[in-house]
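The values are calculated or read from the model by the stated rules, or taken from the named source; none is laboratory data. Nothing here was measured: the structure is a model prediction, and the numbers come from that model. Note: ideal-geometry Cβ built from the backbone for every residue, glycine included; neighbour counts use all protein chains shown. Surface areas here come from the heavy atoms of the whole protein model, side chains and all, with no ligands, DNA or RNA. Shrake-Rupley method; radii C 1.70, N 1.55, O 1.52, S 1.80 Å.
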Amino acid sequence: MNNFKKRNFVSAVVLFLVSSILFGCSAEQAGNNDVAESAPEPVEESKQNTVAMIDEQRINNADSEPGNWLAHGRNYEEHRFSPLTEINRETIGQLGLAWFKDMGTNRTLEATPIVVDGIMYLSSAWSKVYAIDAVTGEEIWFYDPKVPGAWARKSCCDVVNRGVAVYKGRVYVGSLDGFLIALDAATGEEVWRTDTLIDRSRDYTITGAPRAANGKVYIGNGGAERGVRGYASAFDAETGELVWRFYTVPGDPSKPFEHPEMELAAETWKGGEWWKIGGGGTVWNSIVYDPDFNHIYLGVGNGSPWTRAIRSPGGGDNLFLSSIVALDADSGKMKWYYQTTPGDNWDYTATQDMVLADLEVDGVDRKVLLQAPKNGFFYVLDRSNGELLRAHKYVNSTWATHVDMETGRPVENPEVDYIKEAHWILPGPIGGHNWQAMSYDKKTGLMYLPAMEVALSYGMDEEWEKTGSYEFTPNGLNVGIEVGRILEVVANAKGTPPKPKGILKAFNPLTGEQVWGVEQLHYWNGGVLATEGGLVFQGTALGEFNAHDIDTGETLWSFNAYTAFLAPPVSYQIDGVQYVALMAGTGGAELWTGDTGNLASLKYGNFGKLLVFKLDGKAELPPPTIIDRTIPEQPEISATEEELEQGYLLYHDVCSLCHGIGVRSGGVVKDLRLLTKDKHAMFKDIVLEGVLESIGMASFDDLLDEKDVENIQAYIVARANEDREAAAQNQSSEAGE
Ligand code: CA
């Protein structure tokens with residue numbers, strides 16, 4: 001923070017604190033200009049002790065202060081249900097924009113804002129953190145962890161961050177490059193910074209929100225698409241020292257087990273050399289603290305590589321992939337686990353949000369954990385021992401017919417085994433539900449969740465099919481399915497993929513009943529917030545922020561933000577006024593699929609914003625910019641068929657994850673068909689010298705040589721020319737009509 005801002009902030013804090021401490025009310029209510037002068041002396045000290053002083057007790061009693069949004073899921077149980085009622089089915093028509101903040105980025109925004117005593121704490125792309133006046137939108141402080149631009153390359157799904165934790169006067173953020181950082185909640189100054197990574201040469205990233213409880217801060221990381229070993233860690237909230245670390249998959253068998261649970265896990269990995277690739281099992285999103293049992297639940301991710309035939313050719317369940325693991329919050333010792341997808345073969349992470357609830361199940365009161373992981377089944381587990389109580393399908397899925405309630409295991413469908421032949425399988429790796437938040441109404445027991453039906457054509461890695469061996473690519477994509485030739489796999493896979501769609505659902509986890517469902521044109525929509533006002537809020541891929549009737553799903557209100565949404569809304573109340581806030585700006589895992597039509601980012605770009613609504617809000621967004629997506633004239637590049645083929649393979653192996661399959665981006669990261677001739681003249685410098693590293697386009701000189709880059713460029717130009725000609729033909733045929 002610069003000195004100017006710091007000074008302004010200190011005086012603002014002094015005024016606010018003095019009035020609230022002395023008079024037990026807000027500065028506005030005090031309405032007294034003399035307050036600042038009658039301030040007691042050691043203001044600095046009281047500031048340190050009062051800003052964002054939230055602890056277990058406050059979060060446990062979150063319902064007693066519904067005006068705040070104290071933790072990632074509002075309460076430790078992560079219900080994400082707001083008890084506020086000023087904005088309701090009757091008043092929703094008056095909802096309008098109170099203010100907005102331009103986030104100054106076109107990269108993906110995924111964070112949940114935390115709101116404590118009038119101040120909003122928010123993370124943005126590149127793990128940057130803001131403290132913002134939650135009434136006016138004025139920035140109080142800003143913190144930039146200065147993530148190196150080159151780290152963007154290590155991320156599967158853009159330079160995202162899903163939020164901060166606020167706890168006892170501090171704000172905690174995990175940075176994309178693997179640090180856990182504690183900030184002073186009053187000033188934004190760094191208090192400590194801890195390296196959470198076990199190996200900085202591997203492609204680890206942190207994108208998830210830390211959780212704080214019990215004097216500790218809990219964090220995991222991502223990277224399973226690129227070859228890492230998963231784990232989660234607890235750090236002392238005060239000092240940043242490591243308290244415990246739990247690995248989710250076994251390491252190198254020639255070395256001792258790090259903790260006893262690894263011995264159990266190692267028995268379930270057979271015949272492969274997974275530790276060289278990493279094994280996966282990253283805990284990149286969901287970590288939940290359970291005050292009832294003093295548990296920490298880890299939502300564990302997919303295998304690395306995805307394919308079990310490469311990872312563990314001798315079979316086995318490959319613990320603790322795709323599992324929910326319960327640990328003692330203080331010691332990190334395992335209490336129980338439940339594996340949703342034994343021997344994961346499809347990128348079926350169990351990293352999705354977990355909700356804790358009290359439910360009567362078959363006449364017995366149970367403390368349960370609810371999760372809708374990627375694999376399409378909605379699980380209800382007993383939190384005391386991990387017992388499986390329910391596993392209903394919440395979307396169409398073809399990989400398994402059902403979950404055997406005796407064994408607790410899914411019954412796989414052998415007809416879509418892709419080991420010999422590529423198959424369309426539901427869900428695809430994007431999941432029946434991904435990290436986008438769901439919302440739980442404890443009165444009805446219904447979950448409001450952003451579900452998807454999107455298949456993928458899975459086919460084994462071509463090299464592995466030919467040779468029976470798989471070569472690990474350090475700092476590259478390591479999924480084990482065929483990516484280089486994905487367009488052929490798409491064209492030839494067995495089965496017919498259903499038309500992809502999103503469905504906002506009201507779902508009963510106990511009965512498996514869908515109470516209502518709203519079908520959506522595009523599947524990649526935002527997180528959900530339900531409220532006591534009888535509303536379910538969600539932003540969509542089309543750039544609309546909608547409010548639905550909680551009983552019927554009927555759309556009661558809609559606001560066009562001209563920017564696609566992924567992030568979840570929150571609600572808070574200050575001085576009697578209820579607000580609904582969320583960030584707009586899409587991307588994430590959709591960078592790979594790229595242009596799937598309908599995305600607002602294709603038409604209007606992806607100008608990230610924080611939007612805050614209230615009744616009778618009168619603010620207006622600037623008019624949207626229509627993005628010119630006309631493909632420019634391309635440079636003359638001559639290449640042989642073979643060179644183009646090489647370029648196609650390399651593009652998909654190395655570039656497509658961010659720039660989109662078939663060189664058709666989703667409007668977030670640069671669409672390379674739109675490169676102008678002057679950018680093409682710099683192509684080698686960009687790809688090999690890293691001249692655009694600061695914006696995340698790092699050098700790929702470890703994976704590509706000059707000839708490779710020429711071939712990739714030739715393929716991009718060929719694709720651009722192909723689509724340019726098609727567009728010209730369309731235009732002339734339209735003109736001829
Ligand atoms: Ca994954």
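Here are a few things to note about the model shown:
- Counting heavy atoms of the protein chains alone, H402 has an accessible area of about 90 Å² for a 1.4 Å probe.
- Put simply, the convex hull of the Cα atoms in the range 410-467 casts, on average, a shadow of 5.8 nm².
- For K684, a cut-off of 18 angstrom between C-alpha atoms picks up these lysines, skipping any fewer than 8 places away in its own chain: K670, K707.
- Relative to its residue count, the range 628-736 spans a Cα convex hull of 111 Å³ per residue.
- Alpha carbon convex hull of the range 148-199, volume per residue in cubic angstrom: 92 Å³
- For the chain, the solvent-accessible area works out to 37 Å² per residue, with a probe of 1.4 Å and every protein chain left in place.
- Computed over the chain, relative contact order equals 13 percent, with contacts defined as Cα pairs under 8 Å that lie 6+ residues apart.
- Against the compact-protein benchmark of 2.2 N^0.38 Å, the Cα-based radius of gyration of the range 474-520 scales to 1.85.
- Centre separation in Å (Cα based) which lies between the range 290-343 and the range 407-428: 20 Å
- Share of carbon and sulfur in the accessible area of the chain stands at 49%, probe radius 1.4 Å.
- Simple spin-label estimate for T91 and N60 gives 3.2 nm between the two label positions (7 Å along the Cα-to-Cβ direction from each Cα).
- Using the Cβ of E722 as centre and a radius below 13 Å, the other residues enclosed give a net charge of +2, where K and R count +1 and D and E count -1.
- Per-q log10 I(q)/I(0), the range 480-586, q = 0.16, 0.20 Å⁻¹ (Debye; single scatterer per alpha-carbon; no solvent): -0.81, -1.04
- Proximal aspartates and glutamates relative to K499, as straight alpha-carbon distance under 20 Å, when same-chain residues fewer than 8 apart are discounted: E453, E488, E519, E590, D595
- GluC sites (Glu not before Pro) within the range 555-641: DSSP coil, no more than 15 neighbouring Cβ in 10 Å: E620, E633, E636
- Partner lysines whose Cα lies under 26 Å from the Cα of K494, excluding those fewer than 8 positions away in the same chain, are identified as K374, K393, K420, K466.
- Modelled this way, with points 7 Å down the Cα-to-C-beta line, the labels at A727 and T625 are 1.7 nm from one another.
- Distances between placed amide hydrogens fall under 5 Å for V147 paired with no residue 5 or more residues away or on another chain.
- Rh by Kirkwood over Cα pairs, then Stokes-Einstein D for the chain at 0.890 mPa s and 25 °C, µm²/s: 93 µm²/s
- Under the convention that each Lys and Arg Cβ holds +1 and each Asp and Glu Cβ holds -1, the size of the dipole of the chain around its Cα centre is about 380 debye.
- Entries of K154/K333; K255/K335; K335/K367 with Cα pairs more than 22 Å apart: K154/K333; K255/K335
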